[in-house]
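All remarks here apply to the structure that follows.
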Amino acid sequence: MDERTKRTLIIAIVSAVAILGLLALLGYLLWPRPTAAATLRDFAIIVLALESIVVLFLLGVVIGLLWWLIQTVEKRIIPILDSTGETVNTVRGTATFVSDTVVSPLIQAASYAAAIRRAAKILAKWREMGTSDKVEEQEQGQ
């Protein structure tokens, strides 16, 4: 276990023990006084009711904000995504056009030039071999 997890676990255990101790002390003090316990119970019910009202109000606010967020996404972000899709299609079409009209003919011309260059080298070597054989024959014949 790392240090942070240990610290969190210790804080949770200490907090739980403190809350249980406080409740036990409160029960011990209120056991002989039932009217004080009833008053404290009524006070707790009122606090919980007010808390529930606040929580319901905040839940309504969160639902309203969520609805506003969904409307914003529909009105603003979806058109941006549609525009982005159109742009991607345009770029794809442009790339295909450039590939078909510029790059493919250029590659074909480069391959023809390479083939001609290779053929010229082979012919030059063949010629050199043929002339060197003739020179050797002439030298042997003299």
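Quick note: the coordinates plus some simple rules give every number you see, no bench work behind them. Bear in mind that the values here come from a model prediction, so they are computed numbers and not experimental data. Quick reminder, even Gly has a Cβ in these numbers, built from the backbone with ideal geometry, and neighbours come from all protein chains shown.
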Note: Ile116 to Ser83 extended length (0.36 nm per residue) minus current alpha-carbon separation gives 7.1 nm
Taking only complete DSSP H runs, can you tell me which helices of the chain stretch 24 Å or more along their own long axis by Cα positions and average at least 0.0 on the Kyte-Doolittle scale?
3-30, 34-72, 78-98
Within region 13-31, name every residue whose backbone N is under 11 Å away from a label modeled 7 Å from Cα of Ala37 along the Cβ vector.
27-31
Name the shape class, rounded, prolate or oblate, that the alpha-carbon gyration tensor gives for the chain, where a ≥ b ≥ c are the square roots of its eigenvalues, rounded holds for a/c under 1.5, and otherwise prolate holds if a/b is larger than b/c and oblate otherwise.
oblate
Suppose the chain between Ile13 and Ile45 were pulled fully straight at 0.36 nm per residue; how much longer would it get relative to their current alpha carbon spacing?
8.8 nm
